[in-house]
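Structure first, then comments.
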C-alpha cells in the first residue's frame, strides 16, 4: 500500500481545493511525502490563495488562476532550490490553501456593562452587541503569525481573539462618545465606524481585515429600562388626574353592567348619591360658597441646579447661589458653558436668562480710605 501511495503521488499532477466548508480558513493540501511533480497544474479559485512552504520557509504565494508549476512562475522556490532551467524531477513542498473570502455574521458582545456619564441620566451602565465580518488580507502573513503548521485552521480558532479586540474598542468608543443614551440608536453607524478604525492596525498585524462591523443594539440594565418605560408611559398619558377619573368611570360602568352583582349595586348607589349631590349643588352644578373646598396653595417653584463644562469635563451640579459665588471668585465667566434639566444643550452663561443677572449685579465702590 505505501508503494501505491508513492506511485499515486508521482502521477497525480492536479492540485486544487474544492472543499465547500463555510468555516475553514486554511487547509493543507495533502500529498504523499509532500512530493509535487514538476509541471503540475495548480488551480486557485476565487476566494482562495495558495501558499507554498519549502523546508519550513515561506516561498511563493499564488492568487486566483491556473498555473503550471515550473521554474518560470515560481521565482522564490527556484531561488531556494537553486534550480537551473533543465530541472524536471519532483520536488517537496507543503501547499496551504487560504480562504480569502469574507466570513460574515460573526457575533460580538460586551460581557460586562460599560459605565459612562450621560448628560441627562448621570452615570449609567450600557451593554452592546452586534456582528462583524472577517477576511484574510495577507495570506502569507496570516500563515506566519497565526496558523503555523495547522493543516485545518478554522475561524473559531481566531474568532475569540478578534471578538476581544472589538469589545475593548467598543467599550472605549461608548465611554468616549459623549452621545446621550437616548441618541445611541441614531448613531450606531458612527460607533461601528469608530470601532472598526481602532482595530484595523492590530488585525492587520495578523494578516486579517475587518471590512464590516455593526452595532445591533445598545441597551440599559433591565431595571433602568423599566423605569424609562414608566416615564414614557406617564408622558403618553398626559394629565394623570383626568386619566384616573376616566379609568374610575370605566370601572364603574363595567361593574354596573354585571347582573346581580353586589359591587355593581354598591357602585350604582354611589353614582346615585353623586348625582343627588350634583342636583343639590344647583342647576349649574355649583356648590354654595360656604361649602367650597379650600384651594391648595401652588407648589413652590423647582430650583434649578446647573452643570458647568470646564476643560472637556463636567462639574456640578451647583445651585444658583453657588454659581453666584463662583462668578465672584472668577471661576465662572460669561463664556462658561452651563446646562440644566430641560435646557436644549449647553449654553453660555450670559445667554441663560436666569443666570445673566449674576453678571450685571456689581458691588458698590469701596468706602474712602478702605
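Table for the structure above
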read-out: Stretch gain in nm, segment residue 30-residue 137, where the contour uses 0.36 nm per residue and the Cα spacing is subtracted; value: 36.1 nm
read-out: Förster-model FRET efficiency, 30 Å R0, residue 217 and residue 155, C-beta, rounded to 0.05; value: 0.80
read-out: FRET efficiency, residue 16 to residue 201 (Cβ-Cβ, R0 25 Å, nearest 0.05); value: 0.10
read-out: Whole-number percent relative contact order across the stretch 103-224, with pairs defined as alpha carbons under 8 Å at least 6 apart; value: 39
read-out: Efficiency of FRET from Cβ geometry, residue 245 and residue 175, R₀ 51 Å, rounded to 0.05; value: 0.65
read-out: Extension gain (nm, one decimal) between residue 41 and residue 253, 0.36 nm per residue minus Cα-Cα; value: 67.5 nm
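Any read-out appearing in this document is the output of simple, stated calculations on the displayed coordinates, not a laboratory observation. Because the structure is predicted, anything quoted here is derived from the model rather than measured. Neighbour counts run over all protein chains shown; Cβ positions are idealised from the backbone, glycine included.
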